[in-house]
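Chemist: The following block contains the structure, expressed as structure tokens.
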Amino acid sequence: MGKYVALLRAVNVGGTGKLAMADLKQICIEAGFDLVETHIASGNVVFESPHKGAEVKSELERRLHDHTGRMIDVFIRTAAEMRTVLQASPFPKTDPARTYVFFLSGKPPRDALTNIRRQADEELRAGVREIYVHYPSGMGQSKLVIPAASSGTARNMNTVAKLVAMSS
């Protein structure tokens, strides 16, 4: 059995994409996942499955589409991959509430850090399938545009740490 973390994109953010976490948990249970736990209302779920990550992603996306009537992108990481994301943070001494990880489906493109706009005091670094961003003035104040992250989903380091603890 593999332990997975699923991160849903654009769920319960800014009044759009409403999905109750109780519904998400039930969808995961009906998909045959075990030991299902959700974390906060932004689409984070930890579970076990005997299937490979790609199969888990496909099944969860299909069931979410059936439930909501719209496509919801899901980013899957194993428990070990999430631990690596946390440990590999290039900004370990910054405020974890102001440091984010944009989870991507694949490796960031070569121009991920150079093809950006409106950068002020933000710092960016590429990861394996992530882009790390430190927002010293806060993400809500930032005007930073990261085209490579537009199809990803972001979580702050507090949330990443909690998901790592839940999946351990």
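Chemist: Among the candidates Thr94, Thr68, which residue alone is among the β-branched types (Val, Ile, Thr) and in the same structural domain as Ala126 (by TED's automatic domain parsing)?
Modeler: Thr94 is the lone residue from the list that is among the β-branched types (Val, Ile, Thr) and in the same structural domain as Ala126 (by TED's automatic domain parsing).
Chemist: Among Lys107, Lys18, which is closer than 21 Å to Val133 by Cα, without any contact (Cβ under 8 Å) to a residue 24 or more places away in the chain and out of contact with any Pro (no Cβ under 6 Å at 6 or more places or on another chain)? Before the answer, list the steps.
Modeler: Numbers: Lys18 fails: closer than 21 Å to Val133 by Cα.
Checking each option against the conditions leaves just Lys107.
Chemist: Let me ask something else about it. Quick one: Thr84 ticks every box in (1) under 16 Å from Arg9 (Cβ atoms); (2) without any contact (Cβ under 8 Å) to a residue 60 or more places away in the chain except a single one, so which number is it?
Modeler: (1)
Chemist: Here's another thing I want to ask about it. Take the residues in segment 66-78 that are surrounded by fewer than 18 Cβ atoms within 10 Å (Cβ to Cβ) and not in a loop (DSSP other than H, G, I, E, B); name whichever of them is nearest to the chain's Cα centre (by Cα).
Modeler: Per the stated criteria, the residue is Thr78.
Chemist: Only one of these is of a type in the set (A, V, I, L, M), crowded, with 20+ Cβ neighbours inside 10 Å and under 17 Å from the mean Cα position of the chain (by Cα): Leu104, Leu86. Name it.
Modeler: Leu104
Chemist: Additional query: Would you tally the residues in segment 85-116 being assigned to a loop (DSSP other than H, G, I, E, B) and either in contact with a strand residue (DSSP E or B) (Cβ under 8 Å, 6 or more places away or on another chain) or small (Gly, Ala, Ser) (or both)? Can you show your working first?
Modeler: Going through segment 85-116, the residues assigned to a loop (DSSP other than H, G, I, E, B) turn out to be 88-95, 104-116.
Going one step further and asking which of them are either in contact with a strand residue (DSSP E or B) (Cβ under 8 Å, 6 or more places away or on another chain) or small (Gly, Ala, Ser) (or both), we end up with 88-91, 94, 104-106, 108, 112-113, 116.
So the count comes out to 12.
Chemist: Taking the residues in segment 36-65 that are of a type in the set (S, T, N, Q) and buried (at least 16 other Cβ atoms within 10 Å of the Cβ) as candidates, determine which candidate is farthest from Arg9 (Cα to Cα).
Modeler: Selected residue: Ser49.
Residue by residue, here is whether (1) in a loop (DSSP other than H, G, I, E, B); (2) hydrophobic (A, V, I, L, M, F, W, C) holds:
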{"residue": "Asp23", "(1), (2)": "no, no"}
{"residue": "Ile29", "(1), (2)": "no, yes"}
{"residue": "Glu61", "(1), (2)": "no, no"}
{"residue": "Leu64", "(1), (2)": "no, yes"}
{"residue": "Arg83", "(1), (2)": "no, no"}
{"residue": "Ala120", "(1), (2)": "yes, yes"}
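The values are calculated or read from the model by the stated rules, or taken from the named source; none is laboratory data. Since the model is a prediction, treat every value here as computed from it, not as a measurement. Note that each Cβ is placed from the backbone with ideal geometry, even for glycine, and that neighbours are counted across all protein chains shown.
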